Amino acid sequence: MEAGIDDIALFIPRLYVDYRDFADARSVSREKLEKGIGVKQMAIPDSDEDTATMAATACLRLMRKNNLSPKNIGRIDIATEGGLDESKPLTTYVIGMLEQVYGKGSFQHCMGVEYKSACVAGSRALLDSVNWINSGENKAGLVVRHRESPGTWAPSEGRAAIVIASDIAKYDIGSPGEYTQGAGAVAMLVTENPRLVSLDRGVASWVMQDDYDFYRPHGHETPIVNGKHSLDCYVEQVARAFRGFKGNALQTGAVKNSHDFTGAIDYFAFHLPFPKMGKKALERILAEEYVDEITHILGPFGPLLTNERDMLGDKSKLMEILRIKKSENVFRQKVEPSVIGCAHVGNIYTGSVFLSLASILDTEHNARKSLAGRRVVFLSYGSGSSAVVYSGVIGEGYADAIGRGIVAPALEGRQRLSMEQYGALHRKETKEPVAEKRDQFVLKSKDGEGRRHYAYNK
Ligand code: CAA
């Protein structure tokens with residue numbers, strides 16, 4: 001079996017803004033946020049949380065849940081748009097914090113870098129770790145090969161990788177991006193014979209071009225956003241990457257049915273800057289797929305329909321109605337289970353596509369559906385701009401990894417912020433942290449030389 005995601009742990013800040021408080025304070029209609037955008041809550045980091053504390057806490061949760069010791073891990077890569085230093089990688093901050101729990105020097109054998117390519121970087125980090133394991137590099141120089149608890153980790157498996165995606169989506173107060181804010185970290189255990197998703201080999205399709213849809217020049221705390229253009233870039237780039245993915249998947253035999261290609265996909269895990277984005281991107285992909293399908297059904301008349309659809313008058317309208325109907329069904333079955341995390345957390349940039357995956361697993365497992373063998377397609381977009389589409393198959397052991405859920409436990413004990421508290425946090429005027437922290441890493445202080453001091457709050 002190909003390597004992939006064995007387990008996922010999340011860290012979501014306890015503090016959040018409710019969309020109703022937000023809508024009333026900004027004089028935006030609640031219906032727009034709830035129905036037009038799909039947002040319900042936005043996770044907001046406290047004054048003692050940053051991308052490093054979120055990443056380290058998610059990683060600690062993952063290690064504890066799987067009874068891992070540092071020697072089982074060969075690399076920790078972190079994808080983020082919120083690096084804390086122009087040189088020092090986020091991984092070193094995280095290892096520094098983890099060593100407060102596991103002992104000084106316990107991660108010194110580990111490699112790891114910080115990945116930056118806007119929101120798409122999490123997917124790149126994951127694919128690189130999967131390739132590292134598939135190539136057998138993770139077994140090089142191996143001394144200790146066992147999980148701490150015997151019986152669950154075969155010696156041949158070598159070291160595991162951990163991929164973390166950690167981000168804070170912060171926009172200017174009063175800007176249209178403000179209601180798509182969010183924060184959180186996703187830590188993934190990458191192994192051979194994974195329980196959650198084994199990634200298909202040779203199917204990933206990457207596209208890239210030079211765009212200024214959303215960018216954050218050095219020194220800016222919030223991005224410069226060309227909102228409508230960013231939606232167009234997202235949809236076009238993801239559709240292009242999907243076309244490449246389709247070609248690769250058919251060529252490798254990962255998917256066999258070229259005439260009902262999307263029928264062979266059980267779930268779409270999109271990068272979701274806000275929940276409604278999945279619907280927009282799906283509609284674009286299905287429009288192309290639909291033309292392919294109809295062309296196949298109509299045989300020699302297909303090109304006429306494809307190229308001169310307008311000439312078909314009422315028939316064309318009928319086709320459009322059928323297409324929309326079909327896309328609504330596909331959305332309900334294959335995308336809707338993925339949006340619950342984004343609706344309650346907001347945009348988490350690099351981790352968003354994996355929050356979609358975790359939401360699918362939780363939602364469908366709770367609905368008692370049998371998931372083993374189901375194919376998930378990942379559609380990852382990064383402004384600037386690039387997209388990658390790839391796929392995987394849910395493993396036999398998924399229920400064991402999901403346990404009592406991935407997303408819901410990370411949202412327990414949350415605290416609703418008043419808009420005044422939120423405003424003070426946004427403007428960095430909060431003197432003391434708003435919430436008391438238990439069982440997580442926190443930022444204690446920053447010194448005049450750019451050093452950050454962290455502690456573990458038991
Ligand atoms: N009831 C129901 N729906 C309503 C409504 C009401 N009363 N009022 C408005 N709506 C609907 C609108 O019809 C619209 O729906 P459609 O998109 O289906 O047409 C939707 O609500 C949004 O309304 P607007 O078009 O008026 O949206 P806006 O001008 O407020 O901006 C946005 C939306 C461009 C996404 C903005 O929030 C933004 O700039 N966000 C940040 C950038 C972003 O997330 N871009 C996404 C692609 S880039 C990316 O993915 C990378 C990344 O992570 C940032």
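Quick notes on this one:
- For region 371-386, Karplus couplings with θ = phi - 60° (6.51, -1.76, 1.60), whole Hz, Gly/Pro x: 9, 4, x, 6, 9, 10, 9, 9, 10, 10, 10, x, 4, x, 8, 8
- When Rg and the Kirkwood Rh are both derived from Cα coordinates, the Rg/Rh ratio for the chain amounts to 0.98.
- Built amide H within the under 5 Å cut-off of Arg75, gap 5+: Met111, Ile162
- The shape of region 172-213 comes out oblate: with a ≥ b ≥ c from the C-alpha gyration tensor, a/c is at least 1.5 while a/b does not beat b/c.
- Radius, Kirkwood style, for region 398-458 when every pair of distinct Cα atoms is counted (Å): 14.7
- Backbone geometry of region 55-64 corresponds, through the Karplus equation with coefficients 6.51, -1.76 and 1.60 at θ = phi - 60°, to 3J(HN,Hα) couplings of 5, 5, 5, 4, 5, 4, 4, 5, 5, 5 Hz, x marking Gly and Pro.
- Per residue, the average separation of C-alpha pairs within less than 8 Å and at least 6 apart gives the chain a relative contact order of 26 percent.
- Relative contact order computed over region 400-458 (Cα-Cα under 8 Å; 6+ residues apart), in percent: 22
- Shown for His109, His365: other C-beta atoms within 10 Å of each C-beta, ranked fewest to most, produce the order His109, His365.
- Debye intensity ratio I(q)/I(0), log10, region 1-87, q values 0.16, 0.18, 0.22 Å⁻¹ (C-alpha model): -0.85, -0.95, -1.10
- Cα-based helix-to-principal-axis angle, 121-134 vs the chain, degrees rounded to 10: 80
- Ranked for footprinting exposure by Cβ neighbours inside 10 Å, fewest first, Cys233, Cys110, Cys342 give Cys110, Cys233, Cys342.
- Across region 109-116, computed HN-Hα scalar couplings (Karplus, 6.51 cos²θ - 1.76 cosθ + 1.60, θ = phi - 60°) run 7, 7, 10, x, 10, 9, 9, 10 Hz from first to last residue, x flagging Gly and Pro.
- Filtered GluC sites (Glu not before Pro), region 404-458: DSSP coil and at most 12 other beta carbons within 10 Å: Glu412, Glu429, Glu436, Glu449
- Cα gyration tensor shape for region 358-423, rounded if a/c is under 1.5, else prolate or oblate: oblate
- Counting only alpha carbon atoms, the long axis of helix 277-298 and the longest principal axis of the chain meet at about 30°.
- Under-5 Å amide H pairs with Val120, H placed in peptide plane, nonlocal only: Gly382, Ser383
- Under the criterion of Cα pairs below 8 Å and six or more residues apart, the relative contact order for region 358-405 equals 37 percent.
- Taking Cα atoms only, the orientation of helix 352-366 departs from the longest principal axis of the chain by about 80 degrees.
Bear in mind these aren't lab numbers, they're just calculated from the coordinates by the rules spelled out. Not measured: the values here are computed from a predicted model. Note that each Cβ is placed from the backbone with ideal geometry, even for glycine, and that neighbours are counted across all protein chains shown.
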